[in-house]
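The structure appears below as structure tokens.
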Amino acid sequence: MRKIIIGSRGSKLALWQANFVQEKLQQLSIDSEIKIIKTKGDAIQDLSFDKIEGKGFFTKEIESALLAKEIDLAVHSYKDLETSQPEGLSVVSVPPRAAVNDLLIIKKEAFDLKRKFGLKKDAVVGTSSARRKNLLKLFRPDLDFQDIRGNVPTRIQKLETEPLDAIILAQAGVKRLQIDLSMFQTEALEPTEFIPAPGQGALALQIRSEDEDLSNELSELNDETTFLCTKAEKDILKRFEGGCHMPLGAYCYYNEEREIYETRVSVASKWEDSPKLYYAESRSAMKTVETVMNKHQNLPVNSVFITRNTDSKDLFTRVLSEAGFSVHGKALIEMRTINYDEVPNSDWIFFSSKNAVKHFFIQQPELGNQKFAVIGKGTNEALRSFGKRADFIGYSNDTKLTGKQFSALAGGQSILFPQAKGSIKTVQHQFFNQTNVIDLNVYETILHRDYKVPNAKILIFTSPSNVNAYFNSGNKVEFTQEVIAMGHATGKALENRGVERFVYPDGFTPVCLARSVFSL
């Protein structure tokens, strides 16, 4: 049997990837050796990607060696590959994906738990990625950036030696190299919010298209779900005619519980611009691509009304206004604090909303060693604003499902639920032993009356109480209006008012709400 020659870049991460594949081939009784090939991206270290001419910075030379039959198999970081394969070459196998998300690595003196992503105000972040700059600027307009190149260990070293507060890397690379980051603070960025690069965290095994025998052998290493998801992501990049210079993120994954593919996209013309945000779901990964492209090509510019107070600086308003939408927001309810004398003893404190966090902590409670649990990224950020970290975060939009997940985790421990007076207690009802559940009313909702909502094409209802306040003031929902309901309880309140046609956002954060508007 012939020996397979594997082509790889010479960085530690590239060699880890090549050795990983070599070990898998060995398990299939396929003999191989690794040949190191230097690429343009390795040779030029003093320029950012947008200043390097041409494409395929980390792949072209390896692909040339493959076509010249100097090697038989190229192992690439999939995100480095061009969207179109050179004639005669094919990606025939994509092994199971590693961590897909980005990782912020922060100097401890620059860490601020109370701010988004744990970065202090006006922090300087080292990155040459247009996508990463674009998304960081979206969430944190105060940040500054410094271009930084080099392999993973080199960039971490630059964080130590240069005037930087943080750098941002793919978590997969850091994990694969088992780098000790104990001298820094780290923040894993949630990929449905901070959208990764197409193909991030995946390896692409590329061969000559004519080599059918090797293609059949490598099929044993292929993970079909990863193959389909990364193919969809790269196709989105191709359809947008984007490359390394384009601030585009695409993340497709298979939701096993719902048995569908979910795809999220962020895209802008320049990294300084606010991105457009899209969400699509389907039984087919490639159909989500078509949905995203149709929504982008036929994006209507409309007026939006949301039942919460807004201003020109908040993320939701900024990202929609820059895209040409007219945004108006007004909370139709008022929250009033309910004072409590002391905090009951418990093992956990569970928050289901930002308001519960706020009205609980503004009373400066004396706490012990309780663990904290929250629903959603927004509630988690509210908790962090009071200097606390969540030990459990429920990301599902289905509150009942989150309750079941948390009850399985908490077991027989006691849980305190700071809540609104009259709460429907969906999470609490998922506990078999109700003696472990402790309710604590920390605020109540007061409905405003006689507020006439301005005409808007798109209506976003943020809570059941806002639904009731809207209709109690004599407002109506016309058939021509698009309606977004934030959560199933809000959807149920709309149904009770005779509104049957509405959609749910893919989450409760401002970016999810903006994404739901773009995706209508």
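Since every read-out is calculated from the coordinates, none of them should be taken as a lab result. What you see is a predicted model; the values in this text were computed from it and never measured. Quick reminder, even Gly has a Cβ in these numbers, built from the backbone with ideal geometry, and neighbours come from all protein chains shown.
Taking the range 432-520, which GluC sites (Glu not before Pro) meet the DSSP loop condition and have no more than 12 other C-beta atoms within 10 Å?
Within the range 432-520, the qualifying GluC sites (Glu not before Pro) (loop, at most 12 other Cβ atoms within 10 Å) are 478, 500.
At 7 Å along the Cα-to-beta-carbon direction for both residue 190 and residue 147, put a label point, then send me their distance in nm to one decimal.
Between residue 190 and residue 147, the simple spin-label model gives 3.4 nm.
Indicate the gyration tensor shape class of the range 334-447 (rounded, prolate or oblate), computed on the Cα atoms with a ≥ b ≥ c the square roots of the eigenvalues: a/c under 1.5 is rounded; otherwise a/b larger than b/c is prolate and the rest oblate.
Cα axes put the range 334-447 in the rounded bin.
What is the set of long-range amide H partners of residue 303 at a cut-off below 5 Å, with H atoms built 1.01 Å from backbone N?
Close amide H contacts, sequence-distant or interchain: 326, 457, 458.
How do 76, 429 rank when sorted from fewest to most other Cβ atoms within 10 Å of their own Cβ?
Lowest to highest Cβ neighbour count: 429, 76.
³J(HN,Hα) across the range 369-380 via Karplus (A = 6.51, B = -1.76, C = 1.60, θ = phi - 60°), whole Hz, x for Gly/Pro?
So the J values, rounded to whole Hz, are 10, 5, 8, 10, 10, 9, 10, x, 5, x, 5, 4.
Given the chain, what percent of its DSSP beta bridges are antiparallel, to the nearest 5?
So the antiparallel bridges in the chain amount to around 50 percent.
Give me 13, 248, 73 ranked fewest to most by other Cβ atoms within 10 Å of their Cβ, as a rough exposure proxy.
13, 248, 73
State which entries of 295/452; 60/234; 107/358; 287/404; 238/276 exceed 21 angstrom in Cα-Cα distance in the structure shown.
Too far apart for the 21 Å limit: 295/452; 107/358; 287/404.
Please give the calculated 222 nm ellipticity per residue for the chain, where each DSSP H segment of at least 4 residues contributes -39500 (n - 2.57) and the sum is spread over every residue; nearest 500 deg cm²/dmol?
-8500 deg cm²/dmol
Can you give the relative contact order of the range 334-447 as a percent, counting alpha carbon pairs under 8 Å and 6+ residues apart?
35
Starting from the range 282-331, pick out the trypsin sites (Lys or Arg not before Pro) whose DSSP state is loop and whose Cβ has at most 12 other Cβ atoms within 10 Å.
283, 313
Mind sorting out which of [x] 27.4, 89; [y] 33.3, 156; [z] 25.1, 82 is the real Rg and Dmax of the Cα atoms in Å computed from the coordinates?
Correct label is [z].
Straight-line reach from residue 425: which aspartates and glutamates have Cα under 12 Å away, leaving out those fewer than 8 places along the same chain?
Cα-Cα hits under 12 Å: 439.
Measuring from centroid to centroid over Cα atoms, what is the spacing of the range 412-455 and the range 473-496 in Å?
The distance from the Cα centre of the range 412-455 to that of the range 473-496 comes to 21 Å.
Along the Cα→Cβ direction, 7 angstrom out, place labels at residue 290 and residue 398. What is the inter-label distance in nm?
For residue 290 paired with residue 398, the spin-label model returns 2.7 nm.
Taking only C-alpha pairs under 8 Å that are 6+ residues apart, what is the relative contact order of the chain in percent?
It rounds to 12 percent for the chain.
What are the aspartates and glutamates whose alpha-carbon lies under 12 Å from the alpha-carbon of residue 35, with same-chain residues fewer than 8 places away excluded?
Hits, sequence-local ones excluded: 70, 72.
With a 10 Å Cβ neighbour count serving as the proxy for reagent exposure, in which order, fewest first, do 207, 30, 195 appear?
30, 207, 195
Using R₀ = 25 Å, calculate the FRET efficiency as 1/(1 + (r/R₀)^6) where r is the Cβ-Cβ separation of residue 270 and residue 182; round to 0.05.
So the FRET efficiency works out to roughly 0.10.
Placing unit charges on C-beta atoms (Lys and Arg positive, Asp and Glu negative, everything else neutral), compute the dipole magnitude of the chain about its Cα centre in debye, rounded to 20.
With Lys and Arg at +1 and Asp and Glu at -1, about 1300 debye.
Return the loop-located GluC sites (Glu not before Pro) in the range 175-256 (DSSP other than H, G, I, E, B) with at most 11 other Cβ atoms within 10 Å of their own Cβ; answer none if there are none.
In loop regions of the range 175-256 (DSSP not H, G, I, E or B), the sparsely surrounded GluC sites (Glu not before Pro) are 210, 241, 256.
List the residues of the range 398-420 whose backbone N lies under 17 Å from a point placed 7 Å from the Cα of residue 281 along the Cα-to-Cβ direction.
The answer is 398-403, whose backbone nitrogens lie closer than 17 Å to the label point.
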